[in-house]
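The values are calculated or read from the model by the stated rules, or taken from the named source; none is laboratory data. Please read all numbers here as calculations on a predicted model, not as lab measurements. For neighbour counting, all protein chains shown are included, and Cβ atoms are generated from backbone atoms with ideal geometry for every residue, glycine included.
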Amino acid sequence: MRKLEQYIKKGGFYQSVVEDGSDIIFIVDFSGRILYHNQSAKETLGYRNKGLVGKTFFDFVPPSHQQEFKTKFKSIQRKALTKKIEFQFLCYDKTYKFLEFNAINLKFKQKLDGFILDCRDITQRKKDAEELLRLQKAKEQFLANISHEIRTPINGIAGLATLLTTNQQSEDLSNYLTAIKYSAENLKVIINDILDLSAIESGKLRLEKIGFNLNDLLPNLISTFSHQAKEKRIELRYTIDPELNTILVGDPVRLNQILINLIGNAVKFTNFGHIEVNACLENKKQNSCWIRIDVIDTGVGIPQDKLDTIFESFSQADASVTRRYGGTGLGLTIVKQLIEIQKGKIKVDSVEHQGSVFTVTIPYQIRQGENRIKNNERKTLKGIHPGKNLSILLVEDNDINRLYAKSILKNWDSEIDDAENGMIALEKVRTKQYDVVLMDIQMPIMDGYETTRAIRQMDGAQATIPIIALTANATKTDVEKCLQAGMNAFLPKPFTPEDLFQKLFYELKIKAKEPVITASAEQPNATLYDLNYLHQVSGGNKEFINEMVSTFIQSIPELLRQIEGETEAKNWARVKALLHQLKPSFILMGAQAVKDEIVLAEELTFENESEKHSQTLRNLLTKCNQVVASLAGISS
């Protein structure tokens, strides 16, 4: 101990801590002049011993950050101790390193106008943070991409299956279509689980607060599993407490998701017997209540030693469960977290080989004085569907999704116009007053965001038209981008007719009104084009119009030659792609008759009557060339 005391008295620790330490020690005065630095300045920054003495500290900070750093440097002169100030410092090799200093103000104890700066190299830490951020963004992008790429075909499968089941031709056909729909719904649940797990972990999952009734929600949910239960010869039944026939305020989508997972698991793991879903009122106060839902099955059960782990991510009772029954192992994790963020609880009781009981309790507000229209009453209101005569513009570039949405709207007796991209949509909005626009996001030429912003900049009623995003991009960031662009609401694909009905008539309260057609310049029937749209877009700017016409004249003939060549080669897939590319240009020139023929040509099945259709294409190309020649005549 005596030797250590002598070491301290002689100041030997100074050499070890200050001179030979890994931290860079600077002494600078209040003007920023460097009066001292230790050996670490050479090891970390590359400067020789005393190489920075007499220099100004600020000169080594990046020029773009100097003013900010000087302001911060001046502010710490009022503090005895300042911690963790990050900055960049110029090294001897002309690169910059990230440093962080703690500053001891000598003014307070020594009455000297200066600082001791204890600096640490945090360059690696900053790189690690940037890499972590990059990976997080990559993860979010991956989730957005997988959402879009998988949801789009699912929307087509599930949507068309739904439409076909309403026009059953035979019992077998109905069974096949129900199986298709069930498979698509299962895949949708898996996608939602992956996306929601990410949203919950990042704290970005947003809960809705809308009215719903369990007498609407639960029967529909049970019906989606009835086919599978029937195939396994197990009874699937449910009960709802009469006291729950009221309007609850909360997030019905999340409750639906919870029950899909629990009922889906019960059906998956039950091979004989029955499944019961019982909903009751657990507790009630003036304007709130706790509902309790029990999902009871006579399935394989869960071993007692596994009951504590089944709610963990990617966890199932044992590895053989995944091999035998499939699944991601995310379902119950999502269920537990969705329940807990709604301030609810879940518990499970199970006996192996006898069955399980999952009990969910969730609090909800009770909405007073409102009677919700049930599903079987929604088809008509006073005998008239609220969608009748509703003027709707559907903006969608995917043929299957467009067919699905139009089929729903036709069943409602709505008036539908469609557009394949934002440019065409703008033209239609300018010339007609719609009640609502259903807007896809990812489209060629002009996407949904650009189109919405352009509509919001229009004059008159067009600027306030309700716009609903219909898109496979379903992350929270995508929702925020849609709202920021000026859209009124968001409906993720795949959606059901019920989803669209709820969004239009309950959330946005859309009502039909008489459409007003904006007068446009009359053109003789013999005219092959109509430049009225270009006049409207440019405000009558002749230079702009001439440039657009000139570009059309120069680019279209080559495209027509390509179509002619591919037609001769009978390369029909390429012909269809070129026709699709050709169409927007003729729309811009107001060549409506030719555009309609291009649309019809796109829909031909060339392989069946190739010679006949080859002649159709040759006739179409002749008319296209006539439009080009006619426009060339006015530009010469």
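A few points about this structure:
- Every residue from the range 317-355 that is outside any helix (DSSP H, G or I), at pLDDT 90 or above and of a type outside the set (D, E, K, R): Q342, G344, I346, V348, S350, V351, Q354, G355
- Any chance L45 is touching a helix residue (DSSP H, G or I) at 6+ places or on another chain (Cβ under 9 Å) and under 18 Å from D113 (Cα atoms): no
- Scanning the range 33-52 for residues that are over 51 Å from the mean Cα position of the chain (by Cα) and assigned to a loop (DSSP other than H, G, I, E, B) turns up N38, Q39, R48, N49, K50, G51, L52.
- Within the range 271-284, not a single residue is part of a helix (DSSP H, G or I) and either charged (D, E, K, R) or closer than 27 Å to I210 by Cβ (or both).
- Members of the range 90-104 found to be in a strand (DSSP E or B), out of contact with any Cys (no Cβ under 8 Å at 6 or more places or on another chain) and more than 15 Å from L35 (Cβ to Cβ), listed by number: L90, Y96, F98, N102
- Scanning the range 582-632 for residues that are among the aromatic types (F, W, Y) and either on the phi > 0 side of the Ramachandran plot or modelled with pLDDT of 80 or more (or both) turns up just one, F586.
Residues are listed down the side, and each one gets a yes or a no for (1) surrounded by fewer than 18 Cβ atoms within 10 Å (Cβ to Cβ); (2) touching a helix residue (DSSP H, G or I) at 6+ places or on another chain (Cβ under 7 Å); (3) in a loop (DSSP other than H, G, I, E, B):
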residue	(1), (2), (3)
S31	yes, no, yes
G54	yes, no, yes
D59	yes, no, no
S64	yes, no, no
K74	yes, no, no
T82	no, yes, no
F108	yes, no, no
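- Residue among L244, L262, L236, L207 that is more than 25 Å from Q354 (Cα to Cα), of a type in the set (A, V, I, L, M) and surrounded by 15 or more Cβ atoms within 10 Å (Cβ to Cβ): L244
- Single unsatisfied condition, N389 versus (1) surrounded by fewer than 16 Cβ atoms within 10 Å (Cβ to Cβ); (2) at pLDDT below 90; (3) more than 24 Å from the chain's Cα centre (by Cα); (4) of a type in the set (S, T, N, Q): (1)
- Taking the range 457-496 as the range and being closer than 18 Å to I424 by Cβ and over 21 Å from the mean Cα position of the chain (by Cα) as the test, the residues that pass are Q457, M458, Q462, I465.
- Matching residues, the range 389-438, being of a type outside the set (V, I, T) and in a strand (DSSP E or B): S391, L393, L394, E415, D417, D418, A419, K432, L438
- Options K432, K481; residue that is surrounded by fewer than 19 Cβ atoms within 10 Å (Cβ to Cβ), under 22 Å from K583 (Cβ atoms) and of a type outside the set (S, T, Y): K432
- Filtered residue count, the range 477-500, keeping only those that are of a type outside the set (G, A, S), in contact with a Ser or Thr (Cβ under 9 Å, 6 or more places away or on another chain) and outside any loop (DSSP other than H, G, I, E, B): 6
- Filter pass, K576 being surrounded by 14 or more Cβ atoms within 10 Å (Cβ to Cβ), within 31 Å of the chain's Cα centre (by Cα), assigned to a helix (DSSP H, G or I) and at pLDDT 80 or above: yes
- Among the residues of the range 218-257, those identified as under 17 Å from L207 (Cβ atoms), assigned to a helix (DSSP H, G or I) and out of contact with any Gly (no Cβ under 9 Å at 6 or more places or on another chain) are V253, R254, L255, N256, Q257.
- Among residues of the range 67-90 that are at pLDDT 90 or above, those with a beta-carbon under 7 Å from a residue that is in a helix (DSSP H, G or I) and of a type in the set (A, V, I, L, M, F, W, C) at least six positions away or on a different chain give the pairs F69/F58; K70/F58; A80/F108; T82/I76; F87/F69; F89/L45; F89/F60; L90/F60.
- Residue check, M443 in contact with an Asp or Glu (Cβ under 6 Å, 6 or more places away or on another chain) and modelled with pLDDT of 80 or more: yes
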